[in-house]
Amino acid sequence: MTGLTVIGFDADDTLWQNESFFRLTEDRFAELLADHVDGAHLKERLLEAEKKNVGHYGFGIKGFMLSMIETAVEVTEGRVDGRVIGQILEMGQEMLGHPVELLPHVEETLGVLSDRYPLVLITKGDLLHQEQKLAASGLGDLFAGVEIVSDKVPGVYARAFADHGGAERAMMVGNSMKSDVVPALAAGSWAVYVPHGLEWALEQAETPAGNPRYRELPDLGRLPAHVAAVAGD
């Protein structure tokens, strides 16, 4: 027996769609400013702004909106029309109001695992919006704990799993190598990477090849069998 006592889950792009809405909004942003700058260059400038601003605004749609506005001001040298700013705000509000779209196998997998283990949701982003998405998902009752954090580092996992046997007896599941896998392994947990297909550039990290506590799965439907294998069932 391994002593597995708790399973943690990321939210965005692990349980429900998220990155696809950012990509669509980026395309609309490029169309808005097509008369001022090439679309590919605009997206590069936007990413630079996001990298710079994440420490100020955190992760999430509100910081993304502010980065779009900043980028629009910069690439137009301050000449951006107020109506364009208004459209950027409207796009962000549409993102905030978008219905939650669960990813395949989420409900059945969480249902099976929650019968045997406490589940903890560990996600970063805007507190209010993440709470709203969890409520809209209908999954809230399946989680024994919810941690909405500003960033994911080993100490976050140590704290989140402390009441459930500790990080060494926990498994973290998510779509981000940088946020869900690498720091969870550093905390001593098992880590499962479930790629979403769309990956934000700021979430990229090197795969921890050879780590015995790491596993990549093609979808969440394979997770119960992997958990059983880890647990020695």
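The values are calculated or read from the model by the stated rules, or taken from the named source; none is laboratory data. Everything numeric here is computed off the predicted structure, so don't read it as measured data. Every residue, glycine among them, receives a Cβ derived from its backbone with ideal geometry; neighbour counts consider all protein chains shown.
Annotations
- Qualifying residue in segment 57-66 (condition: within 17 Å of the chain's Cα centre (by Cα), among the small types (Gly, Ala, Ser), buried (at least 20 other Cβ atoms within 10 Å of the Cβ) and closer than 30 Å to Leu223 by Cα): yes
- Test for Lys133: is it in contact with a strand residue (DSSP E or B) (Cβ under 6 Å, 6 or more places away or on another chain) and closer than 30 Å to Glu31 by Cα: no
- Considering residues of segment 17-36 that are surrounded by 18 or more Cβ atoms within 10 Å (Cβ to Cβ) and not in a helix (DSSP H, G or I) only, the residue modelled with the lowest pLDDT: Asn18
- Odd one out for Lys133 among (1) within 22 Å of Gly3 (Cβ to Cβ); (2) among the charged types (D, E, K, R); (3) buried (at least 21 other Cβ atoms within 10 Å of the Cβ): (1)
- Matching residues, segment 199-230, being among the aliphatic types (A, V, I, L, M) and out of contact with any Ser or Thr (no Cβ under 6 Å at 6 or more places or on another chain): Ala201, Leu202, Ala205, Ala209, Leu217, Ala225, Val227, Ala228, Ala229
- Candidate set from segment 169-210 (those that are part of a helix (DSSP H, G or I) and without any contact (Cβ under 8 Å) to a residue 40 or more places away in the chain); member that is farthest from Val230 (Cα to Cα): Glu203
- Scanning segment 72-95 for residues that are closer than 28 Å to Asn175 by Cα and either in contact with an Asp or Glu (Cβ under 9 Å, 6 or more places away or on another chain) or β-branched (Val, Ile, Thr) (or both) turns up just one, Ile88.
- Against the conditions (1) at pLDDT 95 or above; (2) touching a helix residue (DSSP H, G or I) at 6+ places or on another chain (Cβ under 9 Å), Ala201 satisfies every one except (1).
- Complete set of residues in segment 67-102 that are surrounded by 14 or more Cβ atoms within 10 Å (Cβ to Cβ) and in contact with a strand residue (DSSP E or B) (Cβ under 7 Å, 6 or more places away or on another chain): Val100, Leu102
- For segment 210-222, a tally of residues being within 19 Å of Val182 (Cβ to Cβ) and within 19 Å of the chain's Cα centre (by Cα) returns 4.
- Qualifying residue in segment 7-16 (condition: surrounded by fewer than 21 Cβ atoms within 10 Å (Cβ to Cβ) and of a type in the set (S, T, N, Q)): no
- Near pairs, Cβ below 9 angstrom, 6+ apart or cross-chain, from segment 33-54 (outside the structural domain of Thr76 (by TED's automatic domain parsing)) to any residue that is modelled with pLDDT of 90 or more and of a type in the set (Gly, Ala, Ser): none
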